[in-house]
Ligand SMILES: CC(C)(COP(=O)(O)OP(=O)(O)OC[C@H]1O[C@@H](n2cnc3c(N)ncnc32)[C@H](O)[C@@H]1OP(=O)(O)O)[C@@H](O)C(=O)NCCC(=O)NCCS
């Protein structure tokens, strides 16, 4: 058994025993109650699912197995000469709860390289799609096209003991994480660079090699990818891409089917597509104003026009967070260190000053602060990755790490089919009527 699998098995076996006991001894204890405005309003805040890999606090932001983003920056192994965390390290942390050593991360990097070959049918499937197919659609189809390789699905067909579900899910998760940068790079190069593909450089780490296969050789861009692919990986279980992956996975659909479901959720403008929307919105603003250096007053007027047209300001607001997103701050710090004079970065920082008071003045927006998507595009534009329809795929490559680490945990804990209760509006009205009679 490989070292990560062995460690995961040890940890997960202990947690599974605790969870079983918790359920048996305290299963009837109430952890939350549900209001009608939560039933109608997208189930906000209802504590109703188990998710081991990360926890989200409205004020502090994300913690991966107890470590926040500055901790990850400090503690996770880095590439030689680099200062950004390696996403391989985060995957190890999410599965084991332990910060890996440099050797452990090197092992994982080599292991993913060993598993990274794309099955032939993937290329055939992607090539059958028209070039104007949105990159996220190509990405989701590409993931599905690998499903016939699923170790879980193939073993399940042969007859698999429940106790071994986690083992084959781990194999699928490792294969998908290994292949996903190659799939994303393939889509990028076919869509925007005439199918001029770049062979991997296996001396590089997972994120560095991804940058190379996209066609970006600068060390700064490789560092950006290491940071980007780390901070987008997981955001507790209730967000749409994580929850969709979990829901699909709870039917014992394998990692490919589950991840594709999650990526379809990520492709929505209220979720991961917001990173593309932010750059689209800024570009439209600078085009409309006829300047690439708009004043704060001009930005404020444009924000008000956006709101008056019944649109959201992309990159602002969050269903859980109530402060500027630490993932936004991490990207801002990267920009301050490396590219503080980039024009788009300057606009993003001015927007950061202008938007919150305007959203606050509406009196209904619960969080007027920027989220992760408000900053990422400006960094990518600076390094020449200007094709913003592709940005959500980058998010998806990272999110794959979190949701598949979680799928391994769900299998190890033997979590059941997810099946919440729905009610009709007539049921709710009747419920109130009955309550009023009491
Ligand atoms: C992320 C988001 C979907 C969260 O939604 P939510 O939990 O329902 O947010 P709220 O409870 O604060 O919404 C209350 C109201 O404020 C509005 N609102 C929230 N964020 C807004 C924004 N950025 N611009 C304009 N209006 C916003 C909502 O549309 C809603 O209006 P309504 O009552 O007229 O329908 C929302 O903030 C949004 O649409 N943001 C822009 C898209 C984005 O950046 N998505 C990426 C998220 S990581």
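What is the residue count in segment 24-51 for residues that are more than 24 Å from the chain's Cα centre (by Cα) and either in a loop (DSSP other than H, G, I, E, B) or surrounded by fewer than 11 Cβ atoms within 10 Å (Cβ to Cβ) (or both)? Residues that pass the stated criteria total 14. Counting only helices (runs of 4 or more DSSP H) that fall entirely inside segment 76-172 and contain at least 1 residues that are modelled with pLDDT under 95, the qualifying elements are 120-127.
The single condition from (1) within 16 Å of the ligand (Cβ to nearest atom); (2) touching a helix residue (DSSP H, G or I) at 6+ places or on another chain (Cβ under 8 Å); (3) closer than 21 Å to residue 293 by Cα that residue 392 fails is (3).
What are the residues in segment 335-389 that are away from the ligand (no atom under 11 Å from the Cβ), over 22 Å from residue 284 (Cα atoms) and buried (at least 16 other Cβ atoms within 10 Å of the Cβ), if any? Hits for segment 335-389 are 335, 338, 339. Just to be sure before I move on: is residue 266 within 11 Å of the ligand (Cβ to nearest atom) and in contact (Cβ under 8 Å) with a residue 60 or more places away in the chain in the structure I sent? The answer is yes for residue 266. All told, residue 86 meets the bar of being more than 20 Å from residue 258 (Cβ to Cβ) and within 22 Å of the chain's Cα centre (by Cα). Residue pairs whose Cβ atoms lie under 8 Å apart, separated by 6 or more positions or on different chains, with the first residue in segment 34-48 and within 13 Å of residue 423 (Cα to Cα) and touching a residue at least 12 places away in the same chain (Cβ under 8 Å) and the second within 14 Å of the ligand (Cβ to nearest atom) and not in a loop (DSSP other than H, G, I, E, B), do not occur. When segment 100-138 is filtered for residues that are touching a helix residue (DSSP H, G or I) at 6+ places or on another chain (Cβ under 6 Å) and closer than 21 Å to residue 149 by Cβ, the ones remaining, listed by number, are 108, 112, 115, 116, 118, 119, 121, 122, 125, 126, 129, 138.
Residues that are outside any helix (DSSP H, G or I) and either in contact with a strand residue (DSSP E or B) (Cβ under 9 Å, 6 or more places away or on another chain) or away from the ligand (no atom under 12 Å from the Cβ) (or both) within segment 319-333 comprise 320, 321, 323, 324, 325, listed in sequence order. From the list 394, 385, 401, 379, the lone residue that is under 30 Å from residue 207 (Cα atoms) and not in a helix (DSSP H, G or I) is 385. Evaluating residue 276 against the criteria (1) modelled with pLDDT under 95; (2) surrounded by fewer than 20 Cβ atoms within 10 Å (Cβ to Cβ); (3) assigned to a helix (DSSP H, G or I) leaves one unmet condition, (2). Residue 55 falls short on exactly one of the conditions (1) within 16 Å of the ligand (Cβ to nearest atom); (2) within 18 Å of residue 240 (Cα to Cα); (3) in contact with a strand residue (DSSP E or B) (Cβ under 9 Å, 6 or more places away or on another chain), and that condition is (1). Of all residues being out of contact with any helix residue (DSSP H, G or I) (no Cβ under 9 Å at 6 or more places or on another chain) and within 12 Å of the ligand (Cβ to nearest atom) in segment 288-318, which is nearest to residue 60 (Cα to Cα)? Just the residue, please. Looking at the filtered set, the residue picked out is 318.
Only one entry in 295, 250, 258 is modelled with pLDDT of 95 or more and crowded, with 21+ Cβ neighbours inside 10 Å, namely 258. Is it true that residue 240 is touching a residue at least 24 places away in the same chain (Cβ under 8 Å) and under 26 Å from residue 348 (Cα atoms)? Considered against the rule, which asks whether it is touching a residue at least 24 places away in the same chain (Cβ under 8 Å) and under 26 Å from residue 348 (Cα atoms), residue 240 comes out as yes. Condition (residue is in a helix (DSSP H, G or I), farther than 30 Å from residue 411 by Cβ and out of contact with any strand residue (DSSP E or B) (no Cβ under 9 Å at 6 or more places or on another chain)) applied to segment 308-317: is it met by at least one residue? Yes, the conditions are met somewhere in segment 308-317.
The values are calculated or read from the model by the stated rules, or taken from the named source; none is laboratory data. Here the structure is a predicted model, which is why all the values come from computation and not from measurement. Cβ atoms come from the backbone with ideal geometry, glycine included; neighbour counts cover every protein chain shown.
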